[in-house]
1. How many nm separate the modelled label positions at ARG122 and LEU93, each set 7 Å beyond the Cα in the direction of the Cβ?
2. Quick one: order VAL62, VAL29 by neighbouring beta-carbon count within 10 Å, fewest to most.
3. How far is it, in nm, from the label point at ALA23 to the one at ARG60 when both lie 7 Å from their Cα along the line to the Cβ?
4. If I stretch the segment between ALA67 and HIS82 completely, what's the gain in nm (0.36 nm per residue apart, minus their alpha carbon distance), one decimal?
5. Modelled label-to-label distance, ALA129 and ASP102, 7 Å Cα→beta-carbon offset: nm?
6. Would you list ARG25, ARG72, ARG97 from fewest to most Cβ contacts within 10 Å?
7. By how many nm would the segment from THR31 to SER137 grow when fully extended, if each residue of separation counts as 0.36 nm and the alpha-carbon distance is taken off?
Amino acid sequence: MSILGKIFTWWDGATIGTQLFTARRGEHVGTDAQGNKYYRSKNKRDDLPTGGSYTGRERRWVIYNGANDASRVPAEWHGWLHGAFEDVPESFLPPPRIWEVDYTPNATGTPQAYRPQGALERGGKRAAAVGDYEAWSPGD
């Protein structure tokens, strides 16, 4: 991506400001299977420009590998980002279960999105149902 793209866009990776903030004040703590990188502030006092903290918790953030889509954050890292536990998720993860499936991206708004029978994108026709009604028209 060009330098102008990095300055003015936020939806496809980190902006220049986020990269500079991360380089200066961030500590890399881990990377998930999709390549998203997770950071926390090196110093709790960095959370506010005045040097204090509203909550007393450290600031935590993610830099996405590709498009910025919150649905790409795995559940374990989501918990860490929101302060559910202090240590990085690798130390808390149970062994994977056989019935667990791999991540699938959120397809809303794309051609791969789910469209039920009768949706306008599928022609707008649906099968007749038991409780169907007859439409009223003026003059009937």
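1. Simple spin-label model gives 3.6 nm for this pair.
2. Details: VAL62 19, VAL29 16.
Going from sparsest to densest Cβ surroundings: VAL29, VAL62.
3. That separation, rounded to one decimal, is 2.6 nm.
4. Values: separation 15, 0.36 × 15 = 5.40 nm, distance 2.07 nm.
Full-extension gain reported as 3.3 nm.
5. 3.7 nm
6. Values: ARG25 15, ARG72 19, ARG97 6.
Fewest to most other Cβ atoms nearby, the residues stand as ARG97, ARG25, ARG72.
7. 32.1 nm
Read-outs: derived from the displayed coordinates by stated rules, not from any lab. Quantities reported herein were computed from a predicted structural model and do not represent experimental measurements. Here the Cβ is made from the backbone with ideal geometry for all residues, glycine too, and neighbour counts use every protein chain on show.
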